[in-house]
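**Student:** Sharing a structure with you now.
The values are calculated or read from the model by the stated rules, or taken from the named source; none is laboratory data. Bear in mind that the values here come from a model prediction, so they are computed numbers and not experimental data. Because the Cβ atoms are built from the backbone with ideal geometry, glycine has one as well, and the counts that use them run over all protein chains shown. The accessibility values were calculated without ligands, DNA or RNA, using every heavy atom of the protein model including side chains. Shrake-Rupley method; radii C 1.70, N 1.55, O 1.52, S 1.80 Å.
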Amino acid sequence: MVKENFVRLFEDSFRHNWDYPAFTDYETKYTLSYGQVAEQVEKLHLLFKQCGIQKNDKVSLIGRNSTHWAVAYIATVTYGAIIVPILQDFRAQDVHHIVKHSDSKLLFTADYIWDHLDENELGQVRAVISLTKFKPLAVIEEALPVIDEQTGVRMTLTADMISVETIQELFDRKYKGNFYPDCIRYEYKDNEEIASINYTSGTTGFSKGVMTTGRALASNTVFGHNAPALRPGYGSLLHARDRMVTFLPLAHAYGCAFDFLGNSTCGGHTYFITRVPTPKILLAAFAEVKPTLILSVPLIIEKIYRKQILPMIAKPPMSWVLRVPLLDEVVLNQISKKLISVFGGEFEQIIIGGAAMNAEVESFFRKIHFPFMIGYGMTETAPLISYCHWTDFKPGSCGKILDNMEVRIDDANEEGIGEIVVRGDNVMLGYYKNEEATKASFTPDGWLRTGDLGYVDSEGFIFIKGRSKTMILGPSGQNIYPEEIEDKLNNMPFVAESLAIHRDGKIVALVYLDKDACDAAGLADNDIPAQLENIRREVNKQLASYEQIAQMEIQPQEFQKTPKNSIKRYLYTK
């Protein structure tokens, strides 16, 4: 059981790192020191009191990654309230649903998102606060149980009461210009209480609010502080003065836990990419910041491989050199050095999570000794289940089970493959106001069902084969994992992405073409059917007889994705 209290992690970090930089908006270079973050947090606490917010009230937060997003999050959890981070990609109606379903009393939002929201659709929300300058955008509920601390008179909330000027006046009156590290004294909140509610999706039929405790968040955060590092002079993976470039959405558990919570509670400096993280923006940020650790999703690494590396090594004379013993090692080492410099040149490793990585891409990066590893987790475990340092990583695995987590394989077949179920410090309490879904997510003896199929080897490394909900039963009862078929399809020329589905007893591959590759090869529309047939035959050579693709179909538009960039399978398997 984790000993550190989640709220106290912030309190201690503010005191120990007061004068050091905490957060920077990369594009504008707007920077806050830890002391300045603590001051803004205190001002938001005063705003919460003005709004009558109580311990364990819900506060929703939506917007792009930024210093003010981070401040709003920290202010909420250190006040004792429950944060409800919402992915900025959700549609307006989905945001309305989450805010109402979560019973949120306040909403922090980016101005551009507020332009598309309807204040009449926000349920119990009392006020909407801008993430630009923390100014009120709207006061919705007029009669509030707000009591003036000096007079004891019941008040009606107005925009003036929570204006920037009023909050500054309250702050000045309280501290009289003398706000210093020992002023940081947050009220105690037990680790077993709910700290955040993360919604796995926006739509009414699919959204589930994951109730995450302070224990689970502290457990993940402290793991980042304690995981061993190989950098000379560094005892742990996350360390004071570390530099992180944050481009994964902080409203998602993966980016939030380590890019933000882990780094800010150990005294690191976090640079937020406040715009859509295009490759051009990211490469410029990596070159300038030179991060010491990088968190990514497979999509970014796979794009680099397909768009830059694969075309380079496929052309003569490079392809000839790679066939010559000894010379191939020299070339591969040069490729690795160039890639490392592209990411800033000073990172210890790249940790990849959020989805499965393409096997061919993983194999190549392993071959060139590129410092990366693949972890495994889910929102319901805040998020980590397994991890190991890249030097100890086993190819094809998702790392090693954490010491504070247990993994069991249920209903294993003759190959040892079954559903991965887990328990431990990182596991959620359940889904908010959804007892049915909560009950279905746990085994009768209290283990969390991950919905993933896989096995664990003798050393505790987890290997994932696919999702239990997507597994297809073959003609003689064989287990077919569509993700493995898609993995092979996505390595073929002209395929951007694919989906393997089961239709009328056959495997059908839906394929979205790489238009740039088709144009570069000079393929006309009437050439496409022959190319698809070639792809089908080549992939089938790599598949067992019961996995054979019977039919290929062109997907005219890019597949619809979740905020994690996973294809929404349910839309294509009906």
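**Student:** Quick one: Debye curve from the alpha-carbon atoms of the stretch 86-136 only, equal weights, vacuum; give me log10 I(q)/I(0) at q = 0.21, 0.31 Å⁻¹ to two decimals.
**Tutor:** Values returned for q = 0.21, 0.31 Å⁻¹ are -0.68, -1.42.
**Student:** Note down the relative contact order for the chain as a percent, whole number, built from C-alpha pairs under 8 angstrom at least six residues apart.
**Tutor:** 11
**Student:** Just the number, please: carbon plus sulfur as a percent of the accessible area of the stretch 332-489, 1.4 Å probe, no ligands or DNA/RNA counted.
**Tutor:** C and S fraction of accessible area: 50 percent.
**Student:** So if I take the centroid of the Cα atoms in the stretch 412-479 and the same for the stretch 1-75, what is the distance between those two points in Å?
**Tutor:** Answer, in whole Å: 35.
**Student:** Applying the Karplus parametrisation 6.51 cos²θ - 1.76 cosθ + 1.60 with θ = phi - 60° to the phi angles of the stretch 85-98, what ³J(HN,Hα) value in whole Hz is obtained for each residue in order, glycine and proline being reported as x?
**Tutor:** Rounded to whole hertz, the list is x, 10, 5, 5, 7, 5, 6, 4, 5, 5, 5, 3, 4, 5.
**Student:** When the expected Rg is taken as 2.2 N^0.38 Å, what fraction or multiple of it is the alpha-carbon Rg of the stretch 1-94?
**Tutor:** 1.16
**Student:** Among rounded, prolate and oblate, which fits the stretch 442-568 when a ≥ b ≥ c are the square roots of the eigenvalues of its C-alpha gyration tensor, a/c under 1.5 means rounded, and a/b larger than b/c means prolate?
**Tutor:** prolate
**Student:** Can you give the Kirkwood hydrodynamic radius for the stretch 29-78, in Å, rounded to one decimal and based on Cα pairs?
**Tutor:** 11.6
**Student:** Quick one: of the DSSP bridges fully inside the stretch 436-574, what percent are antiparallel, nearest 5?
**Tutor:** 75
**Student:** With θ taken as phi - 60° and the coefficients 6.51, -1.76 and 1.60, list the Karplus ³J(HN,Hα) couplings across the stretch 506-521 in order, rounded to whole Hz; mark glycine and proline as x.
**Tutor:** 10, 8, 10, 9, 8, 10, 9, 7, 7, 4, 4, 5, 5, 5, 5, 7
**Student:** Right, next: Report the gain in length on full extension from GLN168 to GLN93: 0.36 nm times residue separation, minus Cα-Cα distance, nm rounded to one decimal.
**Tutor:** 23.6 nm
**Student:** Still on this model: So if each residue of separation counts as 0.36 nm, and I subtract the Cα-Cα distance between VAL342 and ARG503, what length gain in nm does that give?
**Tutor:** 53.6 nm
**Student:** Separate question: Once a ≥ b ≥ c are taken as the square roots of the eigenvalues of the Cα gyration tensor of the stretch 276-394, is the result rounded (a/c under 1.5), prolate (a/b larger than b/c) or oblate (a/b not larger than b/c)?
**Tutor:** Prolate shape, in that a/c is at least 1.5 and a/b is the bigger ratio.
**Student:** What residues qualify as long-range amide H neighbours of ILE82, i.e. H under 5 Å apart, gap of 5 or more or another chain, H built at 1.01 Å from N?
**Tutor:** So ILE82 has HN proximity to ASN56, ASP57, LYS58, VAL59.
**Student:** 5 Å is the cut-off here: which amide hydrogens, built 1.01 Å from N in the peptide plane, fall below it relative to LYS465, excluding neighbours closer than 5 in sequence?
**Tutor:** HN-HN under 5 Å from LYS465: LEU453, GLY454, TYR455.
**Student:** OK, next. When ligands, DNA and RNA are left out and all protein chains stay put, how many square angstrom of accessible area per residue does the chain have with a 1.4 Å probe?
**Tutor:** So the chain comes to 45 Å² accessible per residue, rounded to a whole number.
**Student:** How much accessible area does GLU165 have with a 1.4 Å probe, in Å² rounded to the nearest 10?
**Tutor:** Here the accessible area works out near 130 Å².
**Student:** Continuing with this model, one more query. Which order do the peptides 387-393, 268-274, 29-35 come out in when sorted by mean C-beta neighbours inside 10 angstrom, highest first?
**Tutor:** Averaged packing, sorted descending, gives the order 268-274, 387-393, 29-35.
**Student:** Name all residues of the stretch 52-95 having a backbone nitrogen under 15 Å from the label point set 7 Å from the Cα of ASP118 along its Cα→Cβ direction, giving them as ranges.
**Tutor:** The answer is 91-95, whose backbone nitrogens lie closer than 15 Å to the label point.
**Student:** Past the 21 Å Cα-Cα mark, which pairs from LYS400/LYS465; LYS367/LYS515; LYS43/LYS174; LYS469/LYS506; LYS367/LYS568?
**Tutor:** Listed pairs above 21 Å: LYS367/LYS515; LYS367/LYS568.
**Student:** With everything on Cα atoms, drop me the angle between helix 67-79 and the longest principal axis of the chain, reported from 0 to 90° to the nearest 10.
**Tutor:** With rounding to tens, the tilt is 60 degrees.
**Student:** Please list, in chain and number order, the residues 5+ apart from GLN124 or on another chain whose amide H is under 5 Å from its amide H, with Hs placed from the backbone.
**Tutor:** SER104
**Student:** Per residue, how big is the convex hull around the C-alpha atoms of the chain? Give it to me in cubic angstrom, could you?
**Tutor:** It comes to 171 Å³ per residue, whole-number rounded.
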